[in-house]
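A short write-up of the structure that comes next.
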Amino acid sequence: MPSQQQDRAVAPSRGLEALHGNVYCQRMAKRRAVWDRDGVRALRRHLGVSQEEMAQQMGTRQQTISEWETGMYQPRGMSERLLTMVAEQSGFYGASIADSEAGEHGDQAPPGVAG
């Protein structure tokens, strides 16, 4: 059985791990783009593709793209990350929350992309 002194030595490190985890999670939540219907539609139009083409490239169904664009559902998880990566790589400026928060390059977030 550990002594009280050993218990106290372990407790601060557990507290630091929990604090680090909370700070990390809060930071990542601020950086992640939240895609609403206007943002998904604007990105697709920026790319010059149909819902069907976008669905094929993302590995999903055309119906899913339609549901995002009508606001029935929002992209989440890997779909949300993939949209953000495509937006950044395609020059759809402002999709990176880090850039829009910092106001770098004077870019504005496109409609429907918020932090």
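All of the numbers you see were taken from the coordinates with simple rules; none came from a lab. This one's a predicted model, so the numbers in the text were calculated from it and none came from an experiment. Cβ sites come from the backbone with ideal geometry, for glycine too, and all protein chains shown count toward neighbours.
For labels at residue 57 and residue 73 in the simple 7 Å Cα→Cβ model, what's the distance in nm?
Inter-label distance under the simple model: 2.1 nm.
For residue 69, what is the net charge nearby, where nearby means another residue's Cβ is under 9 Å from its Cβ and Lys, Arg count +1, Asp, Glu -1?
Values: positive: 37, 41, 44; negative: 38, 67.
Summing Lys/Arg as +1 and Asp/Glu as -1 gives +1.
Could you compute the net charge surrounding residue 54? Neighbours are other residues with a C-beta less than 13 Å from the C-beta of residue 54; K and R count +1, D and E count -1.
On the way: positive: 41, 44, 45, 61; negative: 52, 53, 67, 69.
Once all neighbours under 13 Å are counted, the net charge is 0.
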